[in-house]
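Peer 1: Let me begin by handing over the structure; questions about it come next.
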Amino acid sequence: MFEHIIVGCDGSAGARDAVALGARIASVLGSRLSLVGVFPSSLFPIPDKTDRKTLRAEALGTLRRERDLLAPDALIDAIADFSVPHALRHCAERWHAGLVIVGSSQSAPLGHVAIGRFSRQLLYDAPFSLAVASRGLHERDTALRALGVGWDGGAEADAALAAATELARAANAQLLVRRVVEDRVPRLSMEEWMARLDQSHEEMWESAREPALAEAEAAASRLEVQAKVSATVGDPGYEMRALSEAVDLIVIGSRRWGPAARLVSGGVGETLVRDASSSILIVPRPTEVHERGVATTTTAASARG
C-alpha cells in the first residue's frame with residue numbers, strides 16, 4: 001500500500017511524534033521510510049549562517065539524531081526550500097511516496113491531534129495520503145492495536161476501508177468500522193410530524209440506522225480481516241471523533257467532490273484534524289477506471305505502486 005513513507009522532521013517534539021508513527025507503520029507494512037528536513041533557501045545572507053553547506057549539515061545532524069532515536073532503518077535527506085509543505089510535496093512526488101506524515105501543533109492536548117498552519121497546506125490537492133501523529137506519541141506505546149475507519153458506502157469510503165484493512169491485517173490489529181447516519185431534520189408533512197411527536201430521537205432515526213448498519217456489515221463481511229461494525233446517528237465529524245477515542249489510528253477518505261486521485265479534506269476531516277483523540281490518516285480520492293462499462297476503483301497510492 002505504502003511502499004515509501006516520508007516524514008517531515010525538524011527536531012521538534014511534534015516531528016518526533018511523526019517519526020514514531022512513521023516507524024511503526026513502515027515496520028508493519030515493510031515500507032521504506034525517509035526522514036526529510038527542510039532548511040532555508042535564501043537569496044540573502046543569513047547572520048552567522050551564510051554558508052548553505054552549514055545549514056544543510058545542521059539539518060542532517062538533526063535528522064541523524066531523530067533517526068537513531070526512533071527509526072534506525074530510515075533514510076535521511078535535507079532539502080533547501082522556502083516552504084516546508086512545498087518541499088515535502090516535491091519529495092513525495094519525486095520519490096513516488098504514497099504517504100506523508102507530519103506532527104501535530106504544540107497547541108494540541110497530549111494524545112490529541114491539531115494540525116499546524118504549514119501542514120494544513122498538504123490537505124488540499126495532494127496526490128498522496130497524509131497522516132497526522134497525535135501529540136506526545138513518541139513518549140507512548142506506538143503499537144497499532146485498534147484501527148477505526150469511517151464508511152458511508154461511497155468510493156472514497158471504500159478507499160479508506162481498503163487502507164485500514166491492509167494496515168489492520170499487517171499489524172494484527174482490531175478493525176472498527178463506523179457508519180454514521182447524519183441526523184438532519186427530514187422534510188415531512190404536518191401529518192407525519194404529528195405522528196412522530198411521541199418518538200424519541202433514537203426511535204425517529206432507527207428506520208435509517210438499521211439499513212445503514214446492514215450495508216456496513218455487508219461491506220465488512222467481504223474483508224480479509226475480522227471487523228467490529230457499528231452504526232450511529234449524529235454529526236459524522238463528531239461521531240468519528242468519538243470513535244477516535246477508542247483506537248490508535250483513525251482512517252478516513254477524502255471529500256467526495258474533490259479531484260480524482262487527490263487529497264481534499266472534507267467536513268469530517270476538518271473536524272478530526274482539529275481535535276481527534278488518536279493519530280489520523282486521510283487517503284486520496286480514488287481514481288475511477290472505466291473499462292467496457294465496468295468501473296473499478298484504485299487509490300492513488302496503489303496506482304503509484
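Peer 1: Report, by residue number, each residue of region 70-122 that is at pLDDT below 95, under 20 Å from residue 280 (Cα atoms) and of a type in the set (Ser, Thr, Tyr).
Peer 2: Scanning region 70-122 gives 105, 107, 119.
Peer 1: Can residue 28 be described as of a type in the set (Val, Ile, Thr), touching a residue at least 60 places away in the same chain (Cβ under 8 Å) and out of contact with any helix residue (DSSP H, G or I) (no Cβ under 6 Å at 6 or more places or on another chain)? Reasoning before the result, please.
Peer 2: Working: of a type in the set (Val, Ile, Thr): yes; touching a residue at least 60 places away in the same chain (Cβ under 8 Å): yes; out of contact with any helix residue (DSSP H, G or I) (no Cβ under 6 Å at 6 or more places or on another chain): no.
No; evaluated as a whole, the condition is false for this residue.
Peer 1: Taking residue 80 as meeting all but one of (1) surrounded by fewer than 19 Cβ atoms within 10 Å (Cβ to Cβ); (2) outside any loop (DSSP other than H, G, I, E, B); (3) in contact with an Asp or Glu (Cβ under 9 Å, 6 or more places away or on another chain), write down the number of the exception.
Peer 2: That leaves (3) as the condition not met.
Peer 1: Does any residue of region 47-66 turn out to be of a type outside the set (Phe, Trp, Tyr), in a loop (DSSP other than H, G, I, E, B) and buried (at least 17 other Cβ atoms within 10 Å of the Cβ)?
Peer 2: Residues of region 47-66 that are of a type outside the set (Phe, Trp, Tyr), as a first pass: 47-66.
If we keep only those that are in a loop (DSSP other than H, G, I, E, B) too, we end up with 47-51.
With buried (at least 17 other Cβ atoms within 10 Å of the Cβ) added as a condition, the list becomes none.
Scanning region 47-66 turns up no residue that is of a type outside the set (Phe, Trp, Tyr), in a loop (DSSP other than H, G, I, E, B) and buried (at least 17 other Cβ atoms within 10 Å of the Cβ).
Peer 1: For region 225-305, which strands (runs of 3 or more DSSP E) that fit wholly inside it have 1 or more residues that are outside the structural domain of residue 2 (by TED's automatic domain parsing), within 26 Å of residue 3 (Cα to Cα) and modelled with pLDDT under 95?
Peer 2: Numbers: elements: 227-234, 249-253, 279-283, 287-291, 294-298.
Where strands (runs of 3 or more DSSP E) fall fully within region 225-305 and carry at least 1 residues being outside the structural domain of residue 2 (by TED's automatic domain parsing), within 26 Å of residue 3 (Cα to Cα) and modelled with pLDDT under 95, they are 249-253, 279-283, 287-291, 294-298.
The values are calculated or read from the model by the stated rules, or taken from the named source; none is laboratory data. Note that the structure is a prediction, hence the values are computed from the model and not measured. Backbone-built Cβ (ideal geometry, glycine too); neighbour counts: all protein chains shown.
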